[in-house]
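The values are calculated or read from the model by the stated rules, or taken from the named source; none is laboratory data. Just so you know, these numbers come straight off a predicted model, no measurement behind them. Note that we place each Cβ from the backbone using ideal geometry, even for glycine, and neighbour counts take in every protein chain shown.
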Amino acid sequence: MSILSSRILVHLKYWNSLGLNLLLPARCLSCGDHANSTNQLCGPCWKNLEFITTPFCERCGHPFVVEQSHLICGDCLHQPPLFAAGRAAFRYDSLIRDLILKLKHGDATYLAKPLGLWLARSGKDLLLKSDVIIPVPLHRWRLFKRRYNQATLLGRELSRHSGVPLLTNILQRRKNTESQHGKSRKARAANVKSVFKIDSKDIALLKKKSILLVDDVWTTGATLEACIKSLKRAGAKDVYVLTLARVVKGV
């Protein structure tokens with residue numbers, strides 16, 4: 001392609017984009033007001049996003065109130081978690097909750113692209129350590145009703161940005177459990193006990209691998225722990241946890 005042709009193509013793309021924006025102006029993913037570009041938030045909503053940034057526990061990623069002389073939180077020192085390290089992109093608040101609910105129950109699958117990008121940036125260190133990405137699975141009946149798994153959509157975006165392979169249908173939810181919403185920590189753990197399984201034919205795919213386990217929300221960690229137990233039994237070397245949002249209490 002000649003230099004002149006390239007310049008003409010660039011100009012055509014610019015004017016096409018400008019015309020599309022005039023006809024269909026970009027809207028904020030959260031509030032619906034005007035945004036500078038598609039698949040983005042408006043200025044006020046962006047300012048209200050609560051990213052989890054340092055200082056935080058190097059093991060579980062829980063934020064510290066102030067800078068600490070020690071790098072591991074008291075909970076992880078008292079009872080080390082099953083995962084090698086865990087991170088979440090955002091504190092779970094009303095803004096990110098609404099975006100997750102749109103993705104999860106509102107058929108807003110287009111949200112996976114921007115949310116996945118933010119997740120990839122927050123979890124870049126974990127992605128560098130991981131051999132494969134595995135999403136927390138839905139039961140087949142819930143997947144049939146919803147038609148997609150939001151964790152898989154996020155995992156697909158992570159794979160696209162990082163090049164780390166995504167493995168689906170390896171970790172299986174064999175029981176259609178009740179929703180975890182509103183349950184205590186103890187009840188959540190009981191609800192997902194022995195729910196996740198891995199077929200013997202798939203064990204070779206996980207043996208001695210470092211796995212990045214992906215989900216949308218981290219509340220008490222009961223579901224994540226149940227998944228990790230199954231992955232460890234299958235021979236996984238290390239399991240890292242990355243979620244879009246995390247419920248942070250007392251901070």
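Details
- Restricting attention to segment 199-251, the residues that are in the same structural domain as G163 (by TED's automatic domain parsing), surrounded by fewer than 16 Cβ atoms within 10 Å (Cβ to Cβ) and touching a strand residue (DSSP E or B) at 6+ places or on another chain (Cβ under 6 Å) add up to 1.
- Residue within segment 111-131 that is crowded, with 17+ Cβ neighbours inside 10 Å, under 11 Å from the mean Cα position of the chain (by Cα) and polar (S, T, N, Q) present: yes
Results for (1) assigned to a helix (DSSP H, G or I); (2) in the same structural domain as S130 (by TED's automatic domain parsing), shown as yes or no for each residue.
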{"position": "C31", "(1), (2)": "no, no"}
{"position": "L41", "(1), (2)": "no, no"}
{"position": "R59", "(1), (2)": "no, yes"}
{"position": "Q68", "(1), (2)": "no, yes"}
{"position": "A88", "(1), (2)": "no, yes"}
{"position": "L95", "(1), (2)": "yes, yes"}
{"position": "L99", "(1), (2)": "yes, yes"}
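- Per-region count, segment 1-58, residues among the polar types (S, T, N, Q) and either closer than 20 Å to L119 by Cβ or modelled with pLDDT of 75 or more (or both): 9
- A236 being in a loop (DSSP other than H, G, I, E, B), modelled with pLDDT of 95 or more and not polar (S, T, N, Q): yes
- The listed residues are D107, D75, and the only one of them that is surrounded by fewer than 14 Cβ atoms within 10 Å (Cβ to Cβ) and touching a Phe, Trp or Tyr at 6+ places or on another chain (Cβ under 9 Å) turns out to be D107.
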